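What follows is a short report on a single structure.
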Amino acid sequence: MNRFVLALPLILFASLAAADSPRRLTVAEQAGYLHRNLGLIRSVVGNGLSLAREDDRLKRADACSSTAVDLCHEIQQAADAGESARAAELALLLRKLLTQGVADNLAAAHAAVEQRGSSQEQLIQKSQERIVGEVRAL
(Lines give C-alpha, C1' and ligand atoms only; values in the text may rest on other atoms or scores of the structure.)
Protein backbone atom coordinates (compact mmCIF):
# COMPACT_ATOMS: atom_id res chain seq x y z
CA MET A 1 0.00 0.00 0.00
CA ASN A 2 1.16 3.48 -0.75
CA ARG A 3 2.94 4.95 2.29
CA PHE A 4 1.66 8.42 1.45
CA VAL A 5 -1.94 7.26 1.82
CA LEU A 6 -1.17 5.91 5.28
CA ALA A 7 0.75 9.05 6.27
CA LEU A 8 -1.98 11.41 5.06
CA PRO A 9 -4.10 11.24 8.24
CA LEU A 10 -1.04 11.97 10.38
CA ILE A 11 -0.19 14.97 8.20
CA LEU A 12 -3.80 16.15 8.41
CA PHE A 13 -3.92 15.99 12.18
CA ALA A 14 -0.48 17.53 12.57
CA SER A 15 -1.80 20.53 10.62
CA LEU A 16 -4.83 20.64 12.93
CA ALA A 17 -2.53 20.75 15.92
CA ALA A 18 -0.54 23.58 14.39
CA ALA A 19 -3.73 25.53 13.64
CA ASP A 20 -4.43 25.89 17.36
CA SER A 21 -1.20 27.73 18.04
CA PRO A 22 0.69 30.47 16.15
CA ARG A 23 3.99 29.47 17.81
CA ARG A 24 6.13 26.43 17.17
CA LEU A 25 4.89 23.43 19.15
CA THR A 26 7.16 21.48 21.44
CA VAL A 27 7.58 17.75 21.00
CA ALA A 28 5.49 17.18 24.14
CA GLU A 29 2.68 19.37 22.75
CA GLN A 30 2.80 17.56 19.41
CA ALA A 31 2.59 14.23 21.23
CA GLY A 32 -0.38 15.53 23.21
CA TYR A 33 -2.20 16.59 20.05
CA LEU A 34 -1.45 13.25 18.43
CA HIS A 35 -2.77 11.42 21.49
CA ARG A 36 -5.92 13.59 21.53
CA ASN A 37 -6.54 12.91 17.83
CA LEU A 38 -5.79 9.18 17.97
CA GLY A 39 -9.42 8.07 17.89
CA LEU A 40 -10.16 10.29 14.92
CA ILE A 41 -7.02 9.10 13.15
CA ARG A 42 -8.12 5.49 13.65
CA SER A 43 -11.53 6.34 12.22
CA VAL A 44 -10.09 8.07 9.17
CA VAL A 45 -7.61 5.28 8.45
CA GLY A 46 -10.09 2.46 9.06
CA ASN A 47 -12.85 4.00 6.99
CA GLY A 48 -10.34 5.01 4.33
CA LEU A 49 -9.28 1.39 3.99
CA SER A 50 -12.94 0.39 3.73
CA LEU A 51 -13.43 2.95 0.98
CA ALA A 52 -10.40 1.69 -0.92
CA ARG A 53 -11.72 -1.84 -1.19
CA GLU A 54 -15.43 -1.10 -1.68
CA ASP A 55 -17.23 -0.56 -4.99
CA ASP A 56 -20.78 -0.38 -3.64
CA ARG A 57 -21.75 3.30 -3.42
CA LEU A 58 -24.04 2.85 -0.42
CA LYS A 59 -21.30 1.09 1.55
CA ARG A 60 -18.88 3.85 0.53
CA ALA A 61 -21.37 6.46 1.76
CA ASP A 62 -21.72 4.55 5.04
CA ALA A 63 -17.93 4.53 5.53
CA CYS A 64 -17.85 8.30 4.90
CA SER A 65 -20.82 8.74 7.25
CA SER A 66 -19.02 6.87 10.03
CA THR A 67 -16.07 9.24 9.72
CA ALA A 68 -18.47 12.20 9.59
CA VAL A 69 -20.15 11.06 12.82
CA ASP A 70 -16.74 10.80 14.50
CA LEU A 71 -15.87 14.27 13.23
CA CYS A 72 -19.15 15.64 14.64
CA HIS A 73 -18.31 14.23 18.06
CA GLU A 74 -14.77 15.61 17.89
CA ILE A 75 -16.06 19.06 16.84
CA GLN A 76 -18.42 19.07 19.81
CA GLN A 77 -15.60 18.12 22.18
CA ALA A 78 -13.34 20.83 20.74
CA ALA A 79 -16.11 23.42 21.09
CA ASP A 80 -16.82 22.34 24.67
CA ALA A 81 -13.10 22.65 25.46
CA GLY A 82 -12.97 26.18 24.01
CA GLU A 83 -10.77 25.13 21.09
CA SER A 84 -12.52 27.23 18.47
CA ALA A 85 -9.72 27.07 15.88
CA ARG A 86 -9.66 23.28 16.05
CA ALA A 87 -13.46 23.06 15.90
CA ALA A 88 -13.51 25.35 12.87
CA GLU A 89 -10.83 23.34 11.09
CA LEU A 90 -12.67 20.09 11.78
CA ALA A 91 -15.91 21.67 10.58
CA LEU A 92 -14.27 22.50 7.23
CA LEU A 93 -13.13 18.88 6.93
CA LEU A 94 -16.63 17.71 7.83
CA ARG A 95 -18.18 19.90 5.14
CA LYS A 96 -15.84 18.49 2.50
CA LEU A 97 -16.49 14.93 3.66
CA LEU A 98 -20.26 15.45 3.60
CA THR A 99 -20.28 16.92 0.09
CA GLN A 100 -17.60 14.87 -1.62
CA GLY A 101 -17.95 11.64 0.32
CA VAL A 102 -21.43 11.14 1.71
CA ALA A 103 -23.60 13.16 -0.70
CA ASP A 104 -21.79 12.12 -3.88
CA ASN A 105 -21.92 8.42 -2.97
CA LEU A 106 -25.56 8.57 -1.86
CA ALA A 107 -26.53 10.36 -5.08
CA ALA A 108 -24.73 7.72 -7.15
CA ALA A 109 -26.36 4.92 -5.14
CA HIS A 110 -29.78 6.53 -5.59
CA ALA A 111 -29.23 6.91 -9.34
CA ALA A 112 -28.41 3.21 -9.58
CA VAL A 113 -31.67 2.12 -7.91
CA GLU A 114 -33.77 0.42 -10.55
CA GLN A 115 -37.09 0.28 -8.72
CA ARG A 116 -38.40 3.14 -6.61
CA GLY A 117 -39.58 2.09 -3.17
CA SER A 118 -37.27 -0.92 -3.15
CA SER A 119 -35.39 -2.12 -0.10
CA GLN A 120 -32.21 -0.61 -1.59
CA GLU A 121 -33.86 2.81 -1.78
CA GLN A 122 -35.06 2.44 1.83
CA LEU A 123 -31.47 1.70 2.92
CA ILE A 124 -30.30 4.85 1.14
CA GLN A 125 -33.01 6.87 2.91
CA LYS A 126 -32.01 5.46 6.31
CA SER A 127 -28.39 6.32 5.64
CA GLN A 128 -29.36 9.88 4.74
CA GLU A 129 -31.50 10.24 7.86
CA ARG A 130 -28.70 8.93 10.09
CA ILE A 131 -26.13 11.44 8.94
CA VAL A 132 -28.60 14.33 8.88
CA GLY A 133 -29.54 13.53 12.48
CA GLU A 134 -25.89 13.53 13.57
CA VAL A 135 -25.11 16.81 11.87
CA ARG A 136 -28.25 18.45 13.27
CA ALA A 137 -27.30 17.30 16.77
CA LEU A 138 -23.99 19.08 16.33
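The values are calculated or read from the model by the stated rules, or taken from the named source; none is laboratory data. Everything numeric in this text was worked out from a predicted model, so none of it was measured. Because the Cβ atoms are built from the backbone with ideal geometry, glycine has one as well, and the counts that use them run over all protein chains shown.
Exactly one residue out of Cys64, Cys72 is touching a Gly at 6+ places or on another chain (Cβ under 6 Å) and buried (at least 16 other Cβ atoms within 10 Å of the Cβ), and it is Cys64.
Just to be sure before I move on: is Leu97 closer than 14 Å to Asp62 by Cα and modelled with pLDDT of 85 or more in the structure I sent? Here the answer is yes, as Leu97 does meet what is asked. Scanning the stretch 89-108 for residues that are touching a residue at least 60 places away in the same chain (Cβ under 8 Å) and not charged (D, E, K, R) returns Leu90, Leu93.
Of the numbered conditions (1) basic (Lys, Arg); (2) within 18 Å of Val44 (Cβ to Cβ); (3) over 19 Å from the mean Cα position of the chain (by Cα), Arg60 fails exactly one; give the number of that condition. Against the list (1) basic (Lys, Arg); (2) within 18 Å of Val44 (Cβ to Cβ); (3) over 19 Å from the mean Cα position of the chain (by Cα), Arg60 comes up short only on (3).
Taking the stretch 14-29, which residues are modelled with pLDDT under 80 and part of a helix (DSSP H, G or I)?
First pass over the stretch 14-29, keeping only residues modelled with pLDDT under 80: 14-25, 29.
Within the stretch 14-29, Ala14, Ser15, Leu16, Ala17, Ala18, Ala19, Glu29 qualify.
Against the test of being surrounded by fewer than 16 Cβ atoms within 10 Å (Cβ to Cβ), under 15 Å from the mean Cα position of the chain (by Cα) and of a type in the set (A, V, I, L, M, F, W, C), the options Leu92, Leu97 yield a single qualifying residue, Leu92.
Counting the residues of the stretch 109-135 that are without any contact (Cβ under 8 Å) to a residue 24 or more places away in the chain and not acidic (Asp, Glu) gives 14.
Determine whether the stretch 37-55 contains at least one residue that is outside any helix (DSSP H, G or I), within 29 Å of Gln122 (Cα to Cα) and modelled with pLDDT of 85 or more. Please lay out each step first, then the result.
At the first step, the residues of the stretch 37-55 found to be outside any helix (DSSP H, G or I) are 37, 54-55.
Going one step further and asking which of them are within 29 Å of Gln122 (Cα to Cα), we end up with 54-55.
Subsequent filtering for residues that are modelled with pLDDT of 85 or more retains 54-55.
Yes - at least one qualifying residue is present in the stretch 37-55.
Given (1) within 20 Å of Glu129 (Cβ to Cβ); (2) touching a residue at least 60 places away in the same chain (Cβ under 8 Å), where does Ala85 come up short, assuming only one miss? For Ala85, the exception is condition (1).
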